[in-house]
Amino acid sequence: MFVDDEILATQYLKRLLLQEEAAADFQWVGEYHNPYEALDAARLEEPDVVFLDIEMPEMNGFELAERLWEIRPQLQIVFVTAYDDYAIKAFEVNALDYLLKPVLPSRLSVTLNRIVKGSLSKPAAAVSLTEDEQEQVTLCCLQSLHYRENGEPKHFPWKTLKAPELFAYLIYYRGKTVSKQTLMDLLWPVHDPHKAVTQLHTAIYQIRKMIRMCGLDARIHYHDESYRLELAGRLDVEKWEDRLSKAPEVTPDTLSIHQSIMDLYEGDFLADHRYVWAEPEQERLRLLWLEHVQSVAACHVEIGQHAEAVKIHQQVIERLPYLEDGYVGLMYIYASLYHHSEVRKLFQRMKEVLLGEYEVPLSDNIVQWYKEWEQTIEVADEQGV
């Protein structure tokens with residue numbers, strides 16, 4: 001289906017499509033210049049792919065796309081527009097591809113190949129929950145210290161700042177003994193010893209009360225001037241690591257399995273609390289997460305699902321802005337899609353963030369790749385390609 005308020009634009013794109021060998025097996029649904037007529041047609045005809053203009057007077061393409069997905073959630077949408085500023089937003093809303101007017105036959109061929117690959121990708125079978133995942137109450141440390149009851153996130157009603165940090169520290173060292181002195185030095189370093197002990201006992205009391213009130217299967221033991229937290233169930237981070245270690249290889253057939261693993265990682269370890277002592281564990285888990293999501297993104301690219309890959313790399317940039325990985329992954333994708341302006345913007349952004357904010361030099365191989373890419377684009381422009 002085509003939706004564009006310009007009649008000549010739909011006729012031109014239709015003519016290009018009819019000339020493409022890859023489109024021989026496609027069944028033509030129709031072309032529409034009114035978005036509301038397109039919605040009605042989508043309900044009746046149930047199209048698999050829609051080529052959709054963004055700038056339309058009655059309803060813009062992004063709004064129409066959302067309404068089309070309500071009708072057909074698996075619909076593949078290709079945005080077609082004269083404005084390259086929409087590229088990032090097009091992928092953020094899960095578009096299959098983004099074509100810039102006037103559409104070149106060579107670029108349309110790339111899109112058609114992606115459509116075919118996307119249609120052939122198979123969803124993986126649903127994964128059954130383990131016994132641990134069926135627990136009614138789960139203690140959670142990803143993004144923040146909280147717990148889940150019957151799957152619903154709930155937050156602890158703490159009355160002080162030190163009790164939750166002490167609880168988080170004992171959770172991190174769960175199953176191990178931690179001396180009173182270590183805890184006092186960590187949380188009350190400037191207090192006199194007598195006052196620090198009083199504060200520690202008060203915080204331990206609050207934690208034990210919170211454990212009982214929230215129905216957590218946990219217990220704090222005291223022995224030989226030390227504390228030890230014992231947990232009967234597993235933390236959310238333990239479940240995530242376990243699923244990750246046991247997961248099959250990332251392939252088109254296992255993408256849904258790996259998506260469920262990605263969904264389990266709700267955020268970095270205790271990220272909301274900014275505990276200095278938690279930073280090494282945060283970095284360890286981030287790097288595990290990064291390795292996993294990069295494999296998933298690469299698989300999405302392999303089967304032509306660039307929108308999903310773009311979203312993943314944007315998450316990498318947000319979570320790890322001081323690493324090149326997210327920027328470089330996005331640049332490679334945009335380069336393959338011929339979105340030249342987006343590649344340039346990302347390279348400049350990477351320089352500003354890494355060099356300006358973090359004082360981290362760019363890798364020689366990335367700088368060399370960008371120079372060679374720019375030279376290739378200049379040659380192509382000179383040849384009119």
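The values are calculated or read from the model by the stated rules, or taken from the named source; none is laboratory data. Quantities reported herein were computed from a predicted structural model and do not represent experimental measurements. Ideal geometry is used to build each Cβ from the backbone, glycine not excepted, and the neighbour counts take in all protein chains shown. Areas reflect the complete protein model, heavy atoms only, side chains present, ligands, DNA and RNA absent. Shrake-Rupley method; radii C 1.70, N 1.55, O 1.52, S 1.80 Å.
Quick grid of which residues meet (1) in contact with a Cys (Cβ under 6 Å, 6 or more places away or on another chain); (2) within 22 Å of E281 (Cβ to Cβ); (3) of a type in the set (D, E, K, R):
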{"site": "Q136", "(1), (2), (3)": "no, no, no"}
{"site": "L142", "(1), (2), (3)": "no, yes, no"}
{"site": "A203", "(1), (2), (3)": "no, yes, no"}
{"site": "R228", "(1), (2), (3)": "no, yes, yes"}
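The single condition among (1) modelled with pLDDT under 95; (2) open to solvent by less than 20 Å² (accessible area, probe 1.4 Å); (3) in a helix (DSSP H, G or I); (4) more than 30 Å from D263 (Cα to Cα) that I211 does not satisfy is (4). Could you tell me whether E63 is closer than 30 Å to M331 by Cβ and part of a loop (DSSP other than H, G, I, E, B)? So E63 fails the test. If you go through region 258-289 and keep only what is closer than 20 Å to V316 by Cβ and of a type in the set (V, I, T), you end up with just I261.
Of the residues making up region 169-197, those that are open to solvent by less than 70 Å² (accessible area, probe 1.4 Å), at negative phi, without any contact (Cβ under 8 Å) to a residue 60 or more places away in the chain and not basic (K, R) are L170, V178, S179, T182, L183, M184, L187, W188, H191, A196, V197.
Pull up region 89-123, narrow it to residues that are modelled with pLDDT under 65 and either open to solvent by less than 20 Å² (accessible area, probe 1.4 Å) or in a helix (DSSP H, G or I) (or both), then point me to the one that is farthest from D253 (Cα to Cα). Show your work before the answer.
We begin by selecting, within region 89-123, every residue modelled with pLDDT under 65; these are 92-93, 119-123.
Add one more test, that the residue is either open to solvent by less than 20 Å² (accessible area, probe 1.4 Å) or in a helix (DSSP H, G or I) (or both), and what stays is 92, 119-120.
Values: E92: 23, S119: 13, L120: 10 Å.
Out of the qualifying residues, it is E92.
Restricting region 274-297 to residues that are open to solvent by 60 Å² or more (accessible area, probe 1.4 Å) and either in contact with a helix residue (DSSP H, G or I) (Cβ under 7 Å, 6 or more places away or on another chain) or not acidic (D, E) (or both), the residue that is farthest from E308 (Cα to Cα) is V276.
Contact annotation: residue pairs with Cβ atoms under 8 Å, 6 or more positions apart or on different chains, pairing a residue in region 330-355 that is of a type in the set (K, R) with a partner that is open to solvent by 20 Å² or more (accessible area, probe 1.4 Å), are K351/L362.
Just one of (1) assigned to a loop (DSSP other than H, G, I, E, B); (2) open to solvent by 80 Å² or more (accessible area, probe 1.4 Å); (3) within 30 Å of L99 (Cα to Cα) fails for P361. It is (3). Note on region 283-337: residues that are acidic (D, E) and touching a His at 6+ places or on another chain (Cβ under 6 Å) amount to 1. Look at region 99-110: where a residue is touching a residue at least 24 places away in the same chain (Cβ under 8 Å) and among the polar types (S, T, N, Q) and a partner is open to solvent by less than 40 Å² (accessible area, probe 1.4 Å) and part of a loop (DSSP other than H, G, I, E, B), sitting 6+ places away or on another chain with Cβ atoms under 9 Å, you get S109/E20. Count of region 31-54 residues, restricted to those that are under 28 Å from the mean Cα position of the chain (by Cα) and either among the aromatic types (F, W, Y) or over 25 Å from G304 (Cβ atoms) (or both), is 1.
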